[in-house]
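Colleague: Provided herewith is a single structure, encoded as structure tokens, for subsequent inquiry.
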Amino acid sequence: MSENIGDIEEWKNKYSFLNEIWDVYDKFDKNTEGDDHVNLYTGVCQTIISKYGKDKEKYENFCKQLVRNLGCYPGNNNFFNPNSSKCQILYYWIYNSVKKYNIPGDVIKECFNDYISFMGSVKVKANCNYNSYDELYKEPMSLILLDIFDSSMESIRNVLLNSNEPTKKLYQNYVCECVKTYKDVYRKYCPNSDSTDIKGYNTCFRLSTLKQIYEHYLFNLESLKNKIPSLDADENDYSNKCILPAKKLEPVTLSGVREENFPHLTEALGRNTDRSLPSREVVDGNKGSHVSSTVSTTLGTVAGASSILALLYKVNTKLHLNV
């Protein structure tokens, strides 16, 4: 784990301006107590958790939340079949819950099996296909942080180009922290990567696609080049554009700022973007935006990015995941 990477609860405080992500996350994290449909969730979960004995109650709470979040019971509610962007946030919630409560992988898989079976029975394509970040990546918490950074890239660009200086500074600090996370993970796994190490391959390929997105959206803009660090920058460049490496960045917060101030982030979460879904399946998004395979790329939606490169990315990922 990269030093001081923290966890999602900490990020919610540090990066409060990403409130559109956190609003969805909090809905997924809400307890099912008092829910009108809790008996439906309980009916599904009793079968799933019956074999866990004394830990059954602990797992049941998570199971009911996940069954609700996948939206099948009943099938006409606000949670029904989350789009790809919401699926991605659901994966963050699942990963964080697993770490907090030591949830067995089989509980999660059986919930998803029930969801996929239900969606098949009503002849609707399931948008969420789950494989754990632990199964896919080295440094899973770091990759989640970078996935959130990826999903916020357009909003970051608009703030850095158009907002006042105090707000820009907050976002610059956020960029600096994400660049540091990228560099820490890259140094550990990618200079001498082994193509037979699938998790290492996924991690480094994910970093390489993020680098292209970062350069296209942010670093290659002349007005931003001198304000944010290159992902290839040496320590002097990083220090000059961020802070001295020995000094910790101040927490990044924007108290009282809501999504109305940053409509591009709201728009990004309203469409299906090519998120880093932890899935071995390619997911067709709604509204014609992102589709996802095992590691993420937003290349398909970046203006001017090569569609051939995006296709090669998906094919290459499929080949490596089926060796």
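The values are calculated or read from the model by the stated rules, or taken from the named source; none is laboratory data. From a predicted model like this one, the values you see are computed outputs, not experimental measurements. Please note: Cβ atoms are built from the backbone with ideal geometry, for glycine as well, and neighbour counts cover all protein chains shown.
Colleague: Within the stretch 139-159, take every residue that is farther than 25 Å from residue 82 by Cβ and surrounded by fewer than 22 Cβ atoms within 10 Å (Cβ to Cβ) and give me the one that is farthest from the chain's Cα centre (by Cα).
Modeller: Once the filter is applied, the top-ranked residue is 158.
Colleague: Give 53, 34 a once-over and let me know the one that is surrounded by fewer than 13 Cβ atoms within 10 Å (Cβ to Cβ), out of contact with any helix residue (DSSP H, G or I) (no Cβ under 7 Å at 6 or more places or on another chain), not assigned by the TED database to the domain that holds residue 153 and not in a helix (DSSP H, G or I).
Modeller: Among 53, 34, only 34 is surrounded by fewer than 13 Cβ atoms within 10 Å (Cβ to Cβ), out of contact with any helix residue (DSSP H, G or I) (no Cβ under 7 Å at 6 or more places or on another chain), not assigned by the TED database to the domain that holds residue 153 and not in a helix (DSSP H, G or I).
Colleague: Are there any pairs, at least 6 apart or on different chains, whose C-beta atoms fall under 7 Å, with the first in the stretch 211-234 and free of Cβ contacts under 8 Å to residues at least 60 places away in the same chain and the second among the β-branched types (Val, Ile, Thr), and if so, which?
Modeller: From the stretch 211-234, the pairs are 219/228; 229/179; 231/179.
Colleague: Name the helices (runs of 4 or more DSSP H) wholly within the stretch 191-282 that hold at least 1 residues that are of a type in the set (A, V, I, L, M, F, W, C) and at pLDDT 85 or above?
Modeller: 198-214
Colleague: On to the next question. Residue 183 fails exactly one of the following numbered conditions: (1) in a helix (DSSP H, G or I); (2) over 14 Å from residue 224 (Cα atoms); (3) touching a Cys at 6+ places or on another chain (Cβ under 9 Å). What is the number of that condition?
Modeller: It is condition (3) that residue 183 fails.
Colleague: May I pose another question? Would you please name the residue that is surrounded by the fewest Cβ atoms within 10 Å (Cβ to Cβ), looking only at residues in the stretch 98-124 that are of a type in the set (A, V, I, L, M) and more than 16 Å from residue 55 (Cβ to Cβ)?
Modeller: 122
Colleague: One residue is enough: does the stretch 111-127 have a residue meeting the conditions in contact with a Lys or Arg (Cβ under 7 Å, 6 or more places away or on another chain), touching a residue at least 12 places away in the same chain (Cβ under 8 Å), assigned to a loop (DSSP other than H, G, I, E, B) and not hydroxyl-bearing (Ser, Thr, Tyr)?
Modeller: The answer is no, given that none of the residues of the stretch 111-127 is in contact with a Lys or Arg (Cβ under 7 Å, 6 or more places away or on another chain), touching a residue at least 12 places away in the same chain (Cβ under 8 Å), assigned to a loop (DSSP other than H, G, I, E, B) and not hydroxyl-bearing (Ser, Thr, Tyr).
Colleague: Which condition does residue 74 not pass, out of (1) exposed (fewer than 15 other Cβ atoms within 10 Å of the Cβ); (2) in a helix (DSSP H, G or I), if it passes all the others?
Modeller: Of everything listed in (1) exposed (fewer than 15 other Cβ atoms within 10 Å of the Cβ); (2) in a helix (DSSP H, G or I), residue 74 misses just condition (2).
Colleague: Just to be sure before I move on: is residue 138 part of a helix (DSSP H, G or I) and either more than 29 Å from residue 67 (Cβ to Cβ) or not hydrophobic (A, V, I, L, M, F, W, C) (or both) in the structure I sent?
Modeller: no
Colleague: Tally up the residues in the stretch 181-198 that are surrounded by fewer than 18 Cβ atoms within 10 Å (Cβ to Cβ) and either of a type in the set (D, E, K, R) or within 13 Å of residue 238 (Cβ to Cβ) (or both), please.
Modeller: So the count comes out to 5.
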